[in-house]
Amino acid sequence: MFLENTVNPKEQFGWIEVICGSMFSGKTEELIRRLKRAQFAKQKVEIFKPMIDTRYHEEMVVSHDANEIRSTPVPAATNIRLLADGCDVVGIDEAQFFDDEIVAVCNDLANKGIRVVVAGLDMDFKGNPFGPMPALMATAEYVTKVHAVCTRTGNLANYSFRKTRSENLVLLGETEEYEPLSRAAYYKAMLKEKVNAIQVTSQEVILPKENK
């Protein structure tokens, strides 16, 4: 999955690990697990998350299972480059919400000998690659794709289906707004939404003529 020791101890380059998947797949849980192991080993660890993510706590990175680790909220990816100086390990949660600069930041840190562990959604609610995640996955040495369990079929789920009508790309939410679905369940759910939308738009509204 990933290595915690390089083969050549004289080599100073670090690496990038990406943990990706759908909502409720355990991405943050796995991120916290790896970072806590590094802390236990007395390594200098810094964790960052986008400032917009305040679902559980303003400063803590918190998983759906309530595991948590202290982090630094930042407004933009470039802030991470400035704050991560001197670290052994850098963790980044919800990477899909960062700007594209996050890719250069992660590579710059790895080139300085830092182990970079990144977690984020690989697809948005429409099933499209999410933000900078594809580029991060392409440049990372190690990519771990985790899965949730489909709430409708019980199969492995890798899609985040949005249950609300909002079309905003960024919409923070939990089980009230999202549910993890398998490919088959997601396809059926999206098809049903399209049919409902066609039915609504095809209905003609006839207004009564005004009495003259």
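The values are calculated or read from the model by the stated rules, or taken from the named source; none is laboratory data. Remember, it's a predicted structure, so these values are computed and weren't measured experimentally. Methodologically, a virtual Cβ is constructed for each residue, glycine included, from the backbone with ideal geometry; neighbour enumeration extends over all protein chains shown.
What single numbered condition from (1) in contact (Cβ under 8 Å) with a residue 60 or more places away in the chain; (2) within 20 Å of Leu35 (Cβ to Cβ); (3) in contact with a Pro (Cβ under 8 Å, 6 or more places away or on another chain) fails to hold for Glu141?
(3)
Among the listed residues Asn168, Asn155, which satisfies the condition of being at pLDDT 95 or above and among the polar types (S, T, N, Q)?
Matching residue, one of Asn168, Asn155: Asn155.
In the set Thr72, Thr28, Thr78, which member is among the polar types (S, T, N, Q), modelled with pLDDT of 65 or more and under 14 Å from the mean Cα position of the chain (by Cα)? Walk me through how you get there before you give the answer.
On the way: Thr72 fails: under 14 Å from the mean Cα position of the chain (by Cα); Thr78 fails: under 14 Å from the mean Cα position of the chain (by Cα).
That would be Thr28, the only listed residue that is among the polar types (S, T, N, Q), modelled with pLDDT of 65 or more and under 14 Å from the mean Cα position of the chain (by Cα).
Of all residues in the range 99-131, how many are of a type outside the set (D, E, K, R) and under 10 Å from the mean Cα position of the chain (by Cα)?
Looking only at that region, the number is 7.
Is the range 175-189 home to any residue that is in contact with a Pro (Cβ under 7 Å, 6 or more places away or on another chain) and buried (at least 22 other Cβ atoms within 10 Å of the Cβ)?
Looking for residues that are in contact with a Pro (Cβ under 7 Å, 6 or more places away or on another chain) and buried (at least 22 other Cβ atoms within 10 Å of the Cβ), one finds none in the range 175-189, hence no.
Out of Thr139, Thr151, Thr164, which single residue is surrounded by fewer than 22 Cβ atoms within 10 Å (Cβ to Cβ), polar (S, T, N, Q), within 15 Å of Ser25 (Cβ to Cβ) and out of contact with any Ser or Thr (no Cβ under 6 Å at 6 or more places or on another chain)?
Thr151
Between a residue in the range 177-202 that is more than 18 Å from Asp122 (Cβ to Cβ) and modelled with pLDDT under 90 and any residue that is among the β-branched types (Val, Ile, Thr) and surrounded by fewer than 16 Cβ atoms within 10 Å (Cβ to Cβ), which pairs come within a Cβ distance under 9 Å, given they are 6 or more apart or on different chains?
Taking only residues 6 or more apart or on different chains, the pairs are Glu177/Thr164.
What single numbered condition from (1) hydrophobic (A, V, I, L, M, F, W, C); (2) closer than 30 Å to Tyr187 by Cβ; (3) in contact (Cβ under 8 Å) with a residue 12 or more places away in the chain fails to hold for Val116?
That leaves (2) as the condition not met.
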